[in-house]
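What follows is calculated from the coordinates using simple rules that are stated; it is not laboratory data. These numbers were taken from a predicted model, which means no experiment stands behind them. Virtual Cβ from ideal backbone geometry, glycine too; neighbours counted across all protein chains shown.
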Amino acid sequence: MSARVFSMLGATVGGGVFGWAGGQVGFMTGFFTSMVGMGIGIYVASRVHRSYFG
């Protein structure tokens, strides 16, 4: 699997999880936390990809 696809999956999962959690507080909180979650998801996915696939 390519690094771009892996990062896209990480952004989707991270943004969804963080957005849902922040959405429990409020709409704008959900928006901002989903942006943070996307960044964290991309970072974690790229680290995992680099670790497993070189």
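Quick notes
- Between 0 and 90°, nearest 10: helix 27-53 axis offset from the chain longest Cα axis: 10
- Computed from Cα atoms, the angle from the helix 3-23 axis to the main principal axis of the chain rounds to 20 degrees.
- Cα gyration tensor shape of the chain, rounded if a/c is under 1.5, else prolate or oblate by comparing a/b with b/c: prolate
- Gain upon complete extension [Phe32, Trp20; 0.36 nm per residue less C-alpha separation]: 3.2 nm
- Net charge, Ala3 excluded, C-beta distance under 14 Å - Lys, Arg +1, Asp, Glu -1: +3
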